[in-house]
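Below is one structure, written out as structure tokens; comments come after it.
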Amino acid sequence: MQNMINIFLSQSSKEFFRLTPNQQSALRKIGIESIRDVLYHLPKRYEYASSAKLIQDLVPDEHITVYGRISGLKTGKSFRTKVSKAEGKLNDETGTLKLLWFHQPYIAKIIQDESLVRVHGKVSERNGELSMLNPEIESISAIPDNIGQNLFADAIANGVKIESINGVNNSTSLTTPIPIYPESKGITSRWFYHAVQKVFKHPEFARIEDPIPEEIRKKYNLPSLQTALVWIHTPKKSEDAKVAEKRFAFEEIFYIQLRNEFTRALHAREKSFAIEKPANEIDAFTERFPFALTEGQQVAISHVLADFKTGHPMSRLLEGDVGSGKTAVAAVTTYACVASRPRGQNFGTLQVAYMAPTEILARQHFESFIQYFKHMPISIGLITGNGCRKFPSKVNPSGWTDISRAQFLKWVANGEISVVIGTHALIQKTVRFKHLAYVIIDEQHRFGTEQRQKLARKEKVMPHLLSMTATPIPRTLALTMYGDLDLSVLDQMPSGRKKVITEIVNSGGSVGQRSNRHKVYEHIRSELKAGRQAYVICPRINEPDPEKEQTVMARSVKEEAKRLREDTFKEFRIDIMHSKMKPTEKEAVMEKFARHEIDILVSTSVVEVGVNVPNASVIVIEGGERFGLSQLHQLRGRVIRGNHQPYCYVFTSDSKRVSNGPSKGATAKNQSSSSAGAGKSDKTIERLHALATAKNGFELAELDLAQRGAGELYGGKQWGLSDIAMNAIKNLKMVEAARTESQALVREHETMEKLATAVPALGAILQSKKEVHME
Ligand code: ADP
Ligand code: MG
């Protein structure tokens, strides 16, 4: 029976839906191959005929739906940039709206000129002409009546029906949600509508077994799989869709947590080196530090040391703001390993691998570990794509030396090098350890079980793992995505750190606002003259295409660097960095900046990942409203490493947003009273001001989640989560419920195999390689 069900769902969409080759390739592009994929391709939003507007009522900047007839549809290349574009005009009885698409030459193929369409997008206005850039567009068979009329409420109350919208249903009421699916070239929402109908009508549909056990569904009032599918694809009212969404969100979070719980259970049964160091030895090691450990550091260290003792592999995440001192935690816990002998051996030490995301960072860790361990009789190695180093050098015992890769690998394999620091080069096959006990991963969001096993490949035992990150993520997201890890948090900064003076600066177009910018530049000039360095962060890489009206406001790295070089800071050395550069090019620029061969580094947010340039004391962020708070916080973290007073200037590019200029030493909060504008801009200001008031990155991450929504911020893609699940991450109760239930199941069934026997439908999902996608 189970097999039959899977066969139905796994059946190829090609035969079942009789796809044309074009449709087939369009679907494949969005990852749809089976019937299940079609069912789980969920609407991204719903539209109501009542929420559309007439063209005469459009207001710039609003996201809105407009119905009308399209004319003058043509395609071509944009004159300057040679980017493919399509354009046309949309008319209703009240006016004309210009439509423009870039990079979507297929528009003209899927839409017929002079046909009726519904478009959805952001309205913009230039020289009195209204337009929409890259709107979603869909053919329809008729335009609903009464668009934009306030009589709607009455009409709905009286149950008035309108003519066909979406060509789907001739009796769709104004309040019936119309599902809109994520865009895919050549496949319309209408196609999806008919496709799911076909599945719903198939006799096998009713026989699909629900992977979520009934007790759990009952307990949390979740609809059955069939009900949820029908409700999400063809809701009668918006509540139906909400209830269904809740189920799919729970389902997705539940599967992730269940997998994580099984991983955790698996680790609990694995063996690791049991490491035990008496407190007095640890104290003796830390007493050499030029500072006293913060309470947070002490707690984190005690967590790790306690895990070390168990003989089972530790899996721990250490979260701490930039500058909170994670390296010291890594050093002390490393000490516990390298001061321990392998069992039954009276020579050598346990080994530690410390992996960093970039070569510069690996080198910085190498340097600081030399400082931490130079008094001990151990060797430290560095391996990157560019070669290998070893400390101490035979010739000069207080320094390091370059060594050949072959020599390096030999010394790691025979256990002579105790601590191996490196980039990804560390997990190559050729790197073999003798007694690898502990793996530390720096600034890596996710280091998979697989990679970890790769590292432990030659070992009988699994190494302990400490994953360190400065990316603050909300608790609910951590509970879900890092459910297999235990968490330690450094939530306080070492004392004596200077707080970054943060100002939100209006840099709009008016004379007064230009002078705000000027004042900031003068302050930067004085910092640079005093020998400091500055970062300028821009949201974009290239000069904006003048035709892409909506992006004109965002400053670009190249354009900004040119402007600063030619006008503002002629006397200083300026260079650029952005994500389109090769890793080696980026590193080269970063090195130059670190050596102070560059005064001002103009960059996109790629500079985020933790490099230490203590001499940089100013960071300017252009287009601040385009960044999430946690991201701004991360960027600001670039300037808190040194002894100099750090400054962060967040420019907002919308002239309506903040009306006050900077005053030296004033924090953003002080300026909030005089901010102008209403609604959206108020929210922007409020949001940015949190930068000056929040205690730490975690608070900002939670604020981000509350104010902007996870989907918008953390991009489901980054975590592999659907938008629906990302949204549900806001819901602590749901996340905790999923956790409680998955823990209970793992306790009851112990292994995935046993669970699969007891609840086959659930087992099938957990064991399938392909994650269930629900975008
Ligand atoms: P991050 O958490 O960003 O990796 P680091 O480990 O690089 O931070 O530490 C930043 C700086 O703070 C380093 O120069 C380090 O020596 C210093 N530091 C770490 N812990 C303390 C402490 N308890 N007191 C004072 N300074 C500290
Ligand atoms: Mg660090």
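The values are calculated or read from the model by the stated rules, or taken from the named source; none is laboratory data. The structure presented is a predicted model; accordingly, all values stated were derived computationally and were not measured. Cβ sites come from the backbone with ideal geometry, for glycine too, and all protein chains shown count toward neighbours. To get the accessible areas, we keep the full protein, side chains included, count just its heavy atoms, and leave off ligands, DNA and RNA. Shrake-Rupley method; radii C 1.70, N 1.55, O 1.52, S 1.80 Å.
Structural remarks
- Phe273 under 30 Å from Leu361 (Cβ atoms), of a type in the set (A, V, I, L, M, F, W, C) and open to solvent by 30 Å² or more (accessible area, probe 1.4 Å): yes
- For the range 456-500, a tally of residues being more than 16 Å from ligand 2 (Cβ to nearest atom) and out of contact with any helix residue (DSSP H, G or I) (no Cβ under 9 Å at 6 or more places or on another chain) returns 10.
- Residue-level analysis places Gln451 outside the set of residues that are open to solvent by less than 80 Å² (accessible area, probe 1.4 Å) and at pLDDT 70 or above.
- The set of residues in the range 101-117 being on the phi < 0 side of the Ramachandran plot, open to solvent by 10 Å² or more (accessible area, probe 1.4 Å) and at pLDDT 85 or above consists of Gln112, Asp113, Ser115, Leu116.
- Search result, residues across the range 111-130 that are in a strand (DSSP E or B) and within 19 Å of Glu93 (Cβ to Cβ): Leu116, Val117, Arg118, Val119, Val123, Glu129, Leu130
- Which numbered condition Leu361 fails, given (1) within 16 Å of ligand 1 (Cβ to nearest atom); (2) at pLDDT 90 or above; (3) part of a helix (DSSP H, G or I): (2)
- Leu487 vs. criteria touching a residue at least 24 places away in the same chain (Cβ under 8 Å) and assigned to a helix (DSSP H, G or I): no
- Among (1) at pLDDT below 85; (2) open to solvent by less than 30 Å² (accessible area, probe 1.4 Å), the one test that Glu622 misses: (1)
- Residue match in the range 423-440 (condition: within 28 Å of Ala292 (Cβ to Cβ), more than 16 Å from ligand 2 (Cβ to nearest atom) and among the aromatic types (Phe, Trp, Tyr)): yes
- When each of Lys548, Lys558, Lys529, Lys562 is tested for being open to solvent by 10 Å² or more (accessible area, probe 1.4 Å) and modelled with pLDDT of 95 or more, the lone residue that passes is Lys529.
- Residues located in the range 582-600, provided they are at pLDDT 90 or above and either in contact with an Asp or Glu (Cβ under 6 Å, 6 or more places away or on another chain) or of a type in the set (Ser, Thr, Tyr) (or both): Val589, Ile598
- Test: residue in the range 2-22 that is under 26 Å from Phe102 (Cβ atoms), open to solvent by 40 Å² or more (accessible area, probe 1.4 Å) and at pLDDT 85 or above: yes
- Pairs are defined by a Cβ separation below 6 Å, a sequence spacing of at least 6 or placement on different chains, a first member in the range 311-326 that is under 24 Å from His267 (Cα atoms), and a second member that is open to solvent by less than 10 Å² (accessible area, probe 1.4 Å) and within 9 Å of ligand 1 (Cβ to nearest atom); the pairs so defined are Leu318/Met468.
- Flag if Glu214 is of a type outside the set (Ser, Thr, Tyr), more than 16 Å from ligand 2 (Cβ to nearest atom) and touching a Pro at 6+ places or on another chain (Cβ under 6 Å): no
- Condition met for Gln364 (within 16 Å of ligand 2 (Cβ to nearest atom), surrounded by fewer than 22 Cβ atoms within 10 Å (Cβ to Cβ) and of a type in the set (S, T, N, Q)): yes
- Scanning the range 308-351 for residues that are near ligand 1 (Cβ under 10 Å from one of its atoms) and part of a loop (DSSP other than H, G, I, E, B) yields a count of 5.
Per-residue answers, yes or no, for (1) among the small types (Gly, Ala, Ser); (2) modelled with pLDDT of 95 or more; (3) in a loop (DSSP other than H, G, I, E, B):
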site: Ile380; (1), (2), (3): no, yes, no
site: Ile383; (1), (2), (3): no, yes, no
site: Arg389; (1), (2), (3): no, yes, no
site: Lys394; (1), (2), (3): no, no, yes
site: Trp411; (1), (2), (3): no, yes, no
site: Ser418; (1), (2), (3): yes, yes, no
site: Ile421; (1), (2), (3): no, yes, no
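- Annotation note: Cβ proximity below 7 Å between a residue of the range 98-112 that is more than 20 Å from Gly68 (Cα to Cα) and hydrophobic (A, V, I, L, M, F, W, C) and a residue that is outside any strand (DSSP E or B) and at pLDDT 85 or above (sequence gap 6+ or interchain) occurs for Phe102/Asn134.
- Scanning the range 29-53 for residues that are open to solvent by 20 Å² or more (accessible area, probe 1.4 Å), modelled with pLDDT under 90 and not in a helix (DSSP H, G or I) gives Ile30, Gly31, Lys44, Arg45, Tyr46, Tyr48, Lys53.
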